[in-house]
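Engineer: Quick one: this structure, given as structure tokens, is what I'll be asking you about.
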């Protein structure tokens, strides 16, 4: 009589595993299909600051700190320090 509860347990485990795999596949596909944000490239010149570059590309009423964070993330920069010749990717949208 204990075979039935054991089979039920195995079936529930298989079902749970299958559901998890399906959700992981759907989530991975959704992330893979997200197109990259459009960017422009800016070559840092001597005297440039990240704040000045970001302020030139931040719309009215938008938070410049968000633009700075996006530039750092999109450019793969280690921090907020920039140097002449460095190429920054700036979001356009």
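The values are calculated or read from the model by the stated rules, or taken from the named source; none is laboratory data. Quantities reported herein were computed from a predicted structural model and do not represent experimental measurements. No Cβ is skipped: glycine too gets one built from the backbone with ideal geometry, and neighbour counts run over all protein chains shown.
Engineer: Return yes or no: is residue 36 modelled with pLDDT of 90 or more and loosely packed, with under 10 Cβ neighbours inside 10 Å?
Structural biologist: no
Engineer: Can you name every residue in segment 77-93 that is touching a strand residue (DSSP E or B) at 6+ places or on another chain (Cβ under 8 Å) and in a loop (DSSP other than H, G, I, E, B)?
Structural biologist: If the condition is that a residue be touching a strand residue (DSSP E or B) at 6+ places or on another chain (Cβ under 8 Å) and in a loop (DSSP other than H, G, I, E, B), then 77, 82, 85, 86, 92 are the ones that fit.
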